[in-house]
Structures are given as structure tokens and as C-alpha cells.
Amino acid sequence: MRIVLNGEETTLPRPMTVQELLEHLEIDPRLVAVECNRVVVRRATYAETPIPPDAEVEIVAFVGGG
Amino acid sequence: MNVAGLSDLHSAFDRTDRDAAERLRRSRVLLVGMGGLGSPVAMSLATAGVGTLVCVDFDRVDLSNLQRQVIFRDADIGRWKVDAARDRLRAMAPGVNVEIVREAMTVKNAEALVRSVDLVIDGADNFATRYLVNDACVLVGRPNVFGSVARFDGQVAVFAAPGGPCYRCLHPEPPPEGLIPNCAEGGVLGVLPGVVGALQAVEAVKLLTGMGEPLVGRLLLYDALRMRIRDIVLPRDPECPVCGEAPTITELAATGSFCAMPADEMTIEAAELDAWRRTGVPHTLIDVREPSEFAEGAIDGARLVPLPRAVTEVPRMVGEGPVVVYCRSGMRSARAAAMLRERGIDARSLAGGIEAWRRGGYAGSESA
């Protein structure tokens, strides 16, 4: 399935939920925010939020230094 | 274009500039953190003609700051950051009024500080302060020009502007303790804060003068390694805990831990540790700095376990008595102590780190 991930075209091996995408990418869900088609997805709903085909997904890491 | 037309163009610009300059001159800006971001922002805003800069920082200038905190000179090492910054800003721009606050942003002072200014620059180095600044800006109603850096990445946004989102619309809660290193621990490309700070200053000048389209409702992501800049749409979240329709945060409260302000019961003063060592109070002493820092000199008898490995390795090393962890200044060791205590280990962080130990002149810390 094709999505746009952080601005780059990406092909996923199968349709996924947000949680499955993070597991697929080996990203700790506590360390990022996920935006799917310009809506920030609540962490509590990652497991039941499917990523639609052609979705624009942004995974935004915590950056806190100054 | 004829000469008359050119003249009209110049006078139009002049008029705009005069109005903008007057607005800047009347403005008060709060800078939270006089570090890698606060340095370039303060210098840019001072030379741009902002009337008053209120600089907040509780730390002193350290040699390791100079590679990115460009407001300080070698001769400033050991001085309070706000004192050194004020002197430099006055030398650069004698017309600027610099107010200094030589303390940390806390639940107690945040609201009054934010209320006293037109705009806030978030250049903090820890998430607890960032959430405090965000919440105070939302509750008081002041725009927050957010900038952050880590390694090769930067982020910029304008939060808490009318109708726009806040930091909690993106990240409702801070990350778990100890998993995201700050600049002192995780490192940052030294020139990166200069870029991000300059972008913050641009947004501040736009907001103060009413020029252009501020970075509201968008988050700018700067990837220095690949030299890519993206901005993503960040709408306000109606369910945001602080700026949403039914907020659950209606007054300031501490969120997470302030990395430089560990709770008292989790720390041990250098004098007390020295007494333990002289009188044989059993404890396990762990240095959580990086191997290169350890090689330059450590407290005698300390065992090296860098912070990233501390949680997994220290529990296997615990002997009789508490664990005492230390680092350079007490920030990393406070995190280590917090993480170890979560795992049921009686861990204390040496307040002020090896720097305080050396300042106190206690035995057993000769530099290599």
C-alpha cells in the first residue's frame, strides 16, 4: 500500500493501523506524535486507527534541546 | 523606473520601517533559556531594536557551552549566563533595555513573567520548562515562539497565538523521563541552534510588527544533515488538554521533571557525599557521563556507566547502601536517579555534579 511518509513516497507491505506502522518502523510510540492526513492521531487510538491508502503520514519526533 | 518613482518607493519603505521600528521599540520579549537558542535570538532582537528583553536563566557559563551559545565569550566562563548576556547585549545595542531573572522558570513565577511581556521565546533545554512555558502562554494569552534542537534536527512554531494550536496539540504530554537526551547529553551540531534561533527571531519580529504570515498552525522541521526544510500543518486540537474546548489544565502545574532541578530527596550534596566517603558510609558510586569525560578525570572509586546504559546495568552493580550517581553538572545524574528509583533502587544524584565536587575542593577528583 502506498502512503506518503514524512514527505516521501513509501510502500507498505500491507494495510496497517498507526500502531502497526510504528511497530513496522521500530519506533517507540511514546517518543513521537503521528499526524495522518493533517490530523494528529491520539496515542490511545493508534491500535484502532487504520492508515488509508495514499495517506499523508507525518511522524514527528520530540525535539527538546535548546 | 524614474527617479521620482524610486524616491516614492523608498519613502514608502521608510514609513513602514519607522512604524515597525516604533512597534519593536515599545515591545517586551521574554527569553526563556539563555543557551544555544536564547543566544542568537537575544542578539538578533536586540540589534533589530526590540525595546526590552527579559532574560531568564539560572545557570552559569561553562566551557562546553561556547561552541553553540554564541552570546558568550571565553572570559565569561563561570559567570551567570544572564549577567554575561546582559553585558554583551548592551555593548551590541546600547538602546536595549535588558532585564535579567537569575532563576529557573517555575510554577510560581511563570505566569507573572509571561504576563509582563508581549511575546515569549521558548529556548529551554528541557521538556518540563517547555510545557510550563506553553501552558503559561495559553493561560495568559501570549504568543510563544517555540524553537528546539537536537543533534541535526530543529523545530520551529508559533504556539498560543489567537486561533492557533499549542505545543500540547502536537504532543499532549511530555516524553517519558530520560528517553530523550538534551543538548548537553545527546549533543547538537554546534551551528544548528544559530539557524533555529534566527528563524525564531524572524517570527518574533513578524508577530511584534504585524508583518506577513506568522508560523501559526504549522510546524517547521529543519533537517540539517540532508538540508531539508518542511512545514507540516498543525491544526488546533479541540480536545487539547490546555487550549481545547474543555481543558483539563486550567492552572499551572509542574509537568515531568526539570532536569536541572531534581527533588531534594533524590539528591546528595557534595559535602554530605564527602562525609560518607570519609566515615565509611556504604554506597555505590556511579559516573553516568560519557567515557571521554570520565577519562578526563573522575571521583576516585567511581565506576563508569554512561546514562544510556545506566538503567540496565546499574541494578546489577548495587551493593550495600544507596547508589550515588553523578555527571558533570547534575542533570544527567538526576535523570539516572529518577529512572533507577522507578525501579526500586535507592539512588541519589550528586547535586551540581563533579563540578560542584571540584569547587568544594573535596579529595579524590584530580583531573587526569
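Coordinate-derived values only; no laboratory data. As the structure is a prediction and not an experimental result, all values here were calculated from the model. Cβ sites come from the backbone with ideal geometry, for glycine too, and all protein chains shown count toward neighbours.
Start at zero, step by 10 Å, and the Cα-Cα distances of segment B:78-163 spread as 15, 41, 37, 7, 0 percent across the bins. Along the axis of the charge dipole computed for chain A (Cβ charges of +1 for Lys and Arg, -1 for Asp and Glu, origin at the Cα centre), the listed residues A:Thr49, A:His24, A:Val4 are led at the positive end by A:Thr49.
Put a plus charge on the Cβ of each Lys and Arg, a minus charge on the Cβ of each Asp and Glu, and nothing anywhere else: the dipole of segment A:1-45 about its Cα centre is then about 240 debye. Among DSSP beta bridges whose residues both lie in the protein assembly as shown, state the antiparallel percentage, nearest 5. Roughly 50 percent of the beta bridges in the protein assembly as shown run antiparallel, per DSSP. Counting every other Cβ atom within 10 Å of each residue's Cβ, A:Val18, B:Val117 order from fewest to most as B:Val117, A:Val18. Beta bridges from DSSP with both residues in chain B: antiparallel share about 40 percent, rounded to the nearest 5.
If you place +1 on the Cβ of every Lys and Arg, -1 on the Cβ of every Asp and Glu, and leave all else neutral, what size is the dipole of segment B:3-233 about its Cα centre, to the nearest 20 Debye? Intermediate values should be presented prior to the final figure.
Values: 26 positive and 27 negative charges, 46 e Å.
Value, rounded to 20: 220 debye.
Summarising the label geometry, the points placed 7 Å from Cα in the beta-carbon direction at B:Arg303 and A:Thr11 lie 5.1 nm from one another.
Computed from point charges on the beta carbon alone (+1 for Lys and Arg, -1 for Asp and Glu), the dipole magnitude for the protein assembly as shown about its Cα centre is near 700 Debye.
Taken as Cα centroids, segment B:294-368 and segment A:7-32 sit 37 Å apart, rounded to the nearest whole angstrom.
When the protein assembly as shown is described by a simple charge dipole with +1 on each Lys and Arg Cβ and -1 on each Asp and Glu Cβ, the residue from B:Leu170, B:Val314, B:Phe146 located farthest towards its positive end is B:Phe146.
Between B:Leu189, B:Ala93, B:Gln155, the Cα set farthest toward the positive side of the dipole of segment B:3-233 (charges on each charged residue's Cβ, about the Cα centre) is that of B:Ala93.
The Cα trace of segment B:3-233 gives Rg and Dmax of 17.6, 64 Å, the first to one decimal, the second as a whole number. With neighbour counts taken as other beta-carbon atoms within 10 Å, the residues B:Arg226, B:Arg332, B:Arg341 rank, fewest first, as B:Arg226, B:Arg341, B:Arg332. Would you calculate the separation in nanometres between label points at B:Leu225 and B:Thr250, each defined as 7 Å from the Cα along the Cα-to-beta-carbon direction? Rounded to a tenth, the inter-label distance reads 4.6 nm.
Cβ-to-Cβ counts within 10 Å put B:Thr47, B:Thr284 in ascending order as B:Thr47, B:Thr284, the fewest first. Between B:Arg278 and B:Arg79, what is the label-to-label distance in nm when each label sits 7 Å out along the Cα-to-Cβ direction? According to this spin-label approximation, the distance is 3.5 nm. Per residue, the convex hull spanned by the Cα atoms of the protein assembly as shown measures out at 173 cubic angstrom.
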